[in-house]
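**Student:** Dropping a structure here in structure tokens format, bear with me for questions.
The values are calculated or read from the model by the stated rules, or taken from the named source; none is laboratory data. What you see is a predicted model, and the numbers here were worked out from it, not measured in a lab. No Cβ is skipped: glycine too gets one built from the backbone with ideal geometry, and neighbour counts run over all protein chains shown. Accessible surface areas use protein heavy atoms only, side chains included; no ligands, DNA or RNA. Shrake-Rupley method; radii C 1.70, N 1.55, O 1.52, S 1.80 Å.
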Amino acid sequence: MNPLNLLKKFDMFNDKTEHFYGKVYLDKIFSSIQTEFGSKKLRVLDAGCQAGRIAIPLAEAGHTVIAIDSDVKSIKMARQNAEIKNVKANFIVGDLTLELEKLETNSFDVIVCTEVLYSNNAPDKMFRQLARLLARPGLLFSSHRTKYYYVSLALLKKDFDTALLILDKSSGVIDGGSYNWQNPAEIRNLFQENDIGLQDLKGVGLF
């Protein structure tokens, strides 16, 4: 089984082991929104929303949220979770790349894209789409992986060939799924090339 697809096998909104990571993301998102926009209600896009662990708290805070995911099961769980919380968000199931192309330029004050780009086979193209959709001023939150994450997974399985492949190539296919990694300088360049100032680069978890 491709470890990159494990996220789709359970409800991340309700899974206790995922609450730590969700809290890390949300603490940063809410504090940045407060600094940039105060109490203003915003237009928010969650690109790759999974079961709604980011989208639903943002909707609870009164923001207008559009949330997209390609996984039908994840969107179904997200809608159920939102109903339980008695909040409204527009959950859309569809190919994320195609759905982003349909949206209007500069139409979101806040864009969240967590745990998506590093398993996409064209992350730079998707990032350009996110940058296109971001209003100015606006906030874009994205998550990226370093090579150490993938190398560690390979070494845990004693798959030394894959570990060497990952060290040699920053993108490709392992276990049937796409991967890519960047170092901090490359992430800064990605933001700069898309005319977005990088406010903070924060580690999540061990790597």
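**Student:** Against the conditions (1) acidic (Asp, Glu); (2) modelled with pLDDT under 95; (3) under 17 Å from the mean Cα position of the chain (by Cα), where does residue 46 fall short? Just the number, please.
**Tutor:** (2)
**Student:** Check residue 153 against each of (1) surrounded by 18 or more Cβ atoms within 10 Å (Cβ to Cβ); (2) part of a strand (DSSP E or B) and name the one condition it does not meet.
**Tutor:** Going through (1) surrounded by 18 or more Cβ atoms within 10 Å (Cβ to Cβ); (2) part of a strand (DSSP E or B) one by one, residue 153 breaks only (2).
**Student:** Out of the residues in segment 86-118 that are small (Gly, Ala, Ser) and within 15 Å of residue 75 (Cβ to Cβ), state the one that is most open to solvent (accessible area, probe 1.4 Å).
**Tutor:** 89
**Student:** In the set 167, 139, which member is outside any loop (DSSP other than H, G, I, E, B) and open to solvent by less than 30 Å² (accessible area, probe 1.4 Å)?
**Tutor:** 139
**Student:** Here's something else I'd like to know. Residues in segment 54-75 that are open to solvent by 30 Å² or more (accessible area, probe 1.4 Å), under 15 Å from the mean Cα position of the chain (by Cα) and closer than 18 Å to residue 140 by Cβ: how many?
**Tutor:** 1
**Student:** Now for a separate question. Answer yes or no: is there a residue in segment 149-158 that is within 26 Å of residue 66 (Cα to Cα), in contact (Cβ under 8 Å) with a residue 24 or more places away in the chain and hydroxyl-bearing (Ser, Thr, Tyr).
**Tutor:** No: segment 149-158 contains no residue that is within 26 Å of residue 66 (Cα to Cα), in contact (Cβ under 8 Å) with a residue 24 or more places away in the chain and hydroxyl-bearing (Ser, Thr, Tyr).
**Student:** Follow-up. Any idea which residue in segment 170-189 is farthest from residue 146 (Cα to Cα), counting only those that are more than 18 Å from the chain's Cα centre (by Cα) and small (Gly, Ala, Ser)?
**Tutor:** 176
**Student:** For residues that are charged (D, E, K, R) and part of a helix (DSSP H, G or I), scanning just segment 172-192, find the one that is surrounded by the fewest Cβ atoms within 10 Å (Cβ to Cβ).
**Tutor:** 186
**Student:** Turning to a different aspect of this structure: Residues in segment 146-161: is at least one at pLDDT below 95 and of a type in the set (S, T, N, Q)?
**Tutor:** yes
**Student:** If the requirement is being among the hydrophobic types (A, V, I, L, M, F, W, C) and over 17 Å from the mean Cα position of the chain (by Cα), which of these qualifies: 112, 151, 204?
**Tutor:** Of the residues listed, the single one that is among the hydrophobic types (A, V, I, L, M, F, W, C) and over 17 Å from the mean Cα position of the chain (by Cα) is 151.
**Student:** Determine whether residue 78 is in contact with a Ser or Thr (Cβ under 7 Å, 6 or more places away or on another chain), buried (at least 18 other Cβ atoms within 10 Å of the Cβ) and not polar (S, T, N, Q).
**Tutor:** no
**Student:** When you look at residue 33, is it in contact (Cβ under 8 Å) with a residue 40 or more places away in the chain, crowded, with 19+ Cβ neighbours inside 10 Å and more than 27 Å from residue 172 (Cα to Cα), yes or no?
**Tutor:** So residue 33 passes the test.
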